[in-house]
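Before any comments, here is the structure.
The values are calculated or read from the model by the stated rules, or taken from the named source; none is laboratory data. Just so we're clear, the structure is a prediction, and the values are computed from it rather than from any experiment. Please note: Cβ atoms are built from the backbone with ideal geometry, for glycine as well, and neighbour counts cover all protein chains shown.
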Amino acid sequence: MPSSKEYAKRLAKGSAVVFVALVISGLVGFLLRMFLTRTLSVEEYGLFYAIFALVSFFALFRDLGLNSALVKYIPEFQVRRDFKAIKSSITFVMLFQAVFAFLVAAILFAFSGRLALVFFRSEAAVLPLQILSVWSFTMVFYSVIRSAFQGFQNMPAFAGMEFSWITLVFISAVLFVGVLGQGIGGVAFAYLVATLVMIVFGLTHLGRRYTQISKKRASVTKSLVKKLFVFALPVFIGGLGGIILGYTDTLMITAFRGLTQVALYQAAQPITNMLWTLVGTLTTVFFPMVSELWAKQKQKFLNSALQFLIKFSFILIIPAVHLLVAFPEIILRLLFGDSYLAAATVLQILGGVTLLYAPFTIMTCAIGGIGAPLINTKVVVVMACLNFFGNLLLIPSYGIEGAAVATFCATLAGLVLSSYYLRKILKLNLPILPLFKTVAGGMLTLIFIFV
């Protein structure tokens, strides 16, 4: 049985692999956005990401929470050496999701013309919306393969797929947009081509790497389906809230303020999302490990690991948040050019959101890993309601700054609720004093900068 030191070593090694791959992926993603802001007009850039947000809004209907169920149960099945259950789970999830994704993609494709005129108010939205509708269907297979690798705790494959995918998107975008001049339709086609290529490579590697599983014959039983859905459905409901949190900002800005404001928001938001990636490298490795530790009743070590990760995440992101708050104009000018300087205030507010998001996402990872997704569902639903009504109230009057404030308030509420529930379940003592010292030190640094 692995010792605490071995778990810590595995967490550190896995996090390092994911950290390097995802940070590089984030940088490539930034190169893609920098390329697009300099190749497309502000309105075209805003239009593409408004379309992307709409299509991604329906992404949960291709997931249904089942990917999280795979990540949860693959480690447990491995402990029991039930390889047939692993093969059956992956097969069922992939086929079930494909049916739902096809229906959603078909509806979006069929109504692309009407959506372009009524919602986006631009005929130029038709072709990219149709292409991204097809892309949303193909993402079923890509996402299930990645979730399987995460469940197997094969972090090089999990992170490598993301890096390879975004790199292919970038290269394809340069070809279709920069060389062939296909505009936002070329960007959409770049996403589709990259995803198809990665599906082929992912399936090939999965079959060769886990031959003891690929050789098994899938047998989808009623008990297995029930087991997956008991975990997945609360995740799905919570995921609805997550989708609202992630995409209603952009969709409401599109509806109330127009494509130029969307472009500005989509310049600030990805910068802070890079910091979220830093925390995501930890939780990606930690989630299946939490499931394993909980199954083996190693609660004391789990508690200690949580405290360490929360403190470490703050230390990791505080310097970057300082830069966002102190020098937003410089950062925006360097990355996207003078046309996007109006997003400076939004960037500062979202920098504050990042400080709240770090401990929040680690706590929700732990709650999900121990098999209590219903709690996460409650938390995210509260956050989604606050964010939705906050956007509805603030965006018409205050635009993108109002959207950022709504996100801040929703994330703060989520942090308070998740810490309350985790304290009840694991008797977790939050490292409040060290976190306060870290934040206080950061505030003093900012005071010195501005004074």
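Scan the stretch 205-226 for residues that are within 21 Å of residue 369 (Cα to Cα) and in contact with a helix residue (DSSP H, G or I) (Cβ under 7 Å, 6 or more places away or on another chain) and the total you get is 2.
Here is the figure for the stretch 214-226: residues that are over 25 Å from residue 137 (Cα atoms), free of Cβ contacts under 8 Å to residues at least 12 places away in the same chain and either hydroxyl-bearing (Ser, Thr, Tyr) or part of a helix (DSSP H, G or I) (or both) total 2. Please determine whether any residue of the stretch 45-62 is within 27 Å of residue 304 (Cβ to Cβ), modelled with pLDDT of 85 or more and hydrophobic (A, V, I, L, M, F, W, C). Within the stretch 45-62, not a single residue is within 27 Å of residue 304 (Cβ to Cβ), modelled with pLDDT of 85 or more and hydrophobic (A, V, I, L, M, F, W, C). For the stretch 387-412, filtered to residues that are surrounded by fewer than 24 Cβ atoms within 10 Å (Cβ to Cβ) and under 20 Å from residue 422 (Cβ atoms), the residue that is farthest from the chain's Cα centre (by Cα) is 412. Of the residues in the stretch 318-325, not one is farther than 27 Å from residue 400 by Cα, of a type outside the set (Ser, Thr, Tyr) and either at pLDDT below 85 or in contact with a Lys or Arg (Cβ under 6 Å, 6 or more places away or on another chain) (or both). Whenever a residue of the stretch 80-107 is in a helix (DSSP H, G or I), its partners that are among the charged types (D, E, K, R) and surrounded by 15 or more Cβ atoms within 10 Å (Cβ to Cβ), lying with C-beta atoms within less than 7 angstrom and at least six residues away or across chains, give the pairs 83/216; 84/216; 87/216; 97/62; 97/63; 100/62; 101/62; 104/62. Here residue 159 clears all of (1) in a helix (DSSP H, G or I); (2) at pLDDT below 95; (3) of a type outside the set (Ser, Thr, Tyr); (4) surrounded by fewer than 20 Cβ atoms within 10 Å (Cβ to Cβ) except the condition numbered (4).
Looking at 129, 108, 117, which is the one that is farther than 22 Å from residue 210 by Cα and surrounded by 23 or more Cβ atoms within 10 Å (Cβ to Cβ)?
On the way: 108 fails: surrounded by 23 or more Cβ atoms within 10 Å (Cβ to Cβ); 117 fails: surrounded by 23 or more Cβ atoms within 10 Å (Cβ to Cβ).
Going through 129, 108, 117 in turn, the sole match is 129.
Restricting the stretch 163-213 to residues that are assigned to a helix (DSSP H, G or I), surrounded by 15 or more Cβ atoms within 10 Å (Cβ to Cβ) and of a type in the set (S, T, N, Q) leaves a set whose member that is farthest from the chain's Cα centre (by Cα) is 172. Picking from residues in the stretch 69-113 that are modelled with pLDDT under 85 and under 23 Å from the mean Cα position of the chain (by Cα), the one that is farthest from residue 222 (Cα to Cα) is 75. Would you say residue 449 is surrounded by fewer than 18 Cβ atoms within 10 Å (Cβ to Cβ) and either at pLDDT 75 or above or β-branched (Val, Ile, Thr) (or both)? For residue 449, the condition - surrounded by fewer than 18 Cβ atoms within 10 Å (Cβ to Cβ) and either at pLDDT 75 or above or β-branched (Val, Ile, Thr) (or both) - is met. Might you let me know whether the stretch 227-249 holds any residue that is part of a helix (DSSP H, G or I) and surrounded by fewer than 16 Cβ atoms within 10 Å (Cβ to Cβ)? Yes, the conditions are met somewhere in the stretch 227-249.
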